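To keep things clear, I will list the structure first and then write my remarks on it.
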Amino acid sequence: MIKKLKKNTTGTDYFVGDIHGCYEQLMEALEKITFNPDVDRLISVGDLVNQGPDSVKCLNLLKETWFHAVFGNHEDMMIKSFRHEWSTYNCVQNGGKWFFHLPYEEQEQLVLLADAKMTLVIEVETDIGIIGVIHANAPDDWQKYHRLNNDEDFFDDNLVEDTIWGRRRIYGGQDGRVNGIDYVIVGHTPVEDVTVLDNIVYIDTGAVYDGSLTILSVNEVANYASKVV
């Protein structure tokens, strides 16, 4: 459930918003920041797939050692549709038509790849503290994820669902701050510009909806968060 990344002592860690199949846009953005795959890392808030033109290429980024990603709701739909746990029609209506045009064997390979490489939560050790990465909405206490990760007798469907699908904080139905973590990076809900609520930084700036693809370094996360009183 939790993937922990030790401090990057040789390069820079970056966080990227919802890519949604916009592979070429991502490559152009990485070139602009002179991303070095030998030493830098890119951590994704999920939703690699659907809506954009290159979902397969984006999923195949999971094979790269420099790329790390949490599950988004669009990966959730893709996997559950493949396993007949979700409406195929609903997945198609949300940009998943590409998946059902693939041969069954390729669908299976992509589902296995996502299952093996993506996780619910990523924690990144940095010079400014621990940065947590999830797709959508965090609980009030980050330690709930650690209990979910370490206690075999504890499982909370609502916590998992909210983490992948929820929007209560950004819509004002829940306090912003998440205790037990220094910063939290999320996507899922498109915003016009990077938006900060207490220690949560929203970075889905609508790349696939004629917006931009946001990529922030650790220092940029700190700069945004420091502007919040």
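In segment 108-128, the residues that are within 18 Å of M77 (Cβ to Cβ) reach residues that are open to solvent by 60 Å² or more (accessible area, probe 1.4 Å) and hydrophobic (A, V, I, L, M, F, W, C) with C-beta atoms within less than 7 angstrom, at least six apart or across chains, in these pairs: T119/M1; L120/M1. Against the conditions (1) touching a strand residue (DSSP E or B) at 6+ places or on another chain (Cβ under 7 Å); (2) assigned to a loop (DSSP other than H, G, I, E, B); (3) more than 15 Å from V70 (Cα to Cα), A29 satisfies every one except (2).
Taking the criterion of being open to solvent by less than 10 Å² (accessible area, probe 1.4 Å), part of a strand (DSSP E or B) and not hydrophobic (A, V, I, L, M, F, W, C), the only residue of segment 102-155 that qualifies is G132.
Which of (1) at pLDDT 95 or above; (2) assigned to a helix (DSSP H, G or I); (3) open to solvent by 50 Å² or more (accessible area, probe 1.4 Å) is the odd one out, the single condition N158 does not satisfy? With (1) at pLDDT 95 or above; (2) assigned to a helix (DSSP H, G or I); (3) open to solvent by 50 Å² or more (accessible area, probe 1.4 Å) applied to N158, the lone miss is (1). From the list Y171, Y183, Y224, pick out the single residue that is of a type in the set (S, T, Y), open to solvent by 20 Å² or more (accessible area, probe 1.4 Å) and either in contact with a helix residue (DSSP H, G or I) (Cβ under 6 Å, 6 or more places away or on another chain) or at pLDDT 95 or above (or both). None of the other options fit; the residue is Y183.
Scanning segment 68-99 for residues that are part of a helix (DSSP H, G or I) and loosely packed, with under 14 Cβ neighbours inside 10 Å yields Y89, N90, Q93, K97.
Determine, yes or no, whether E152 is of a type outside the set (K, R) and free of Cβ contacts under 8 Å to residues at least 12 places away in the same chain. Yes. When segment 23-46 is filtered for residues that are open to solvent by less than 60 Å² (accessible area, probe 1.4 Å), without any contact (Cβ under 8 Å) to a residue 40 or more places away in the chain and among the β-branched types (V, I, T), only V39 remains. Based on this model, can you work out whether V191 counts as farther than 20 Å from F67 by Cα, in contact (Cβ under 8 Å) with a residue 24 or more places away in the chain and open to solvent by 20 Å² or more (accessible area, probe 1.4 Å)? When the stated conditions are applied, V191 does not pass them.
Residue by residue, here is whether (1) buried (at least 18 other Cβ atoms within 10 Å of the Cβ); (2) closer than 16 Å to G187 by Cα holds:
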position	(1), (2)
L5	no, no
G21	yes, yes
L48	yes, yes
D54	yes, no
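The values are calculated or read from the model by the stated rules, or taken from the named source; none is laboratory data. Nothing here was measured: the structure is a model prediction, and the numbers come from that model. Neighbour counts run over all protein chains shown; Cβ positions are idealised from the backbone, glycine included. Quick note on the areas: whole protein, heavy atoms, side chains included, nothing else; ligands and nucleic acids left out. Shrake-Rupley method; radii C 1.70, N 1.55, O 1.52, S 1.80 Å.
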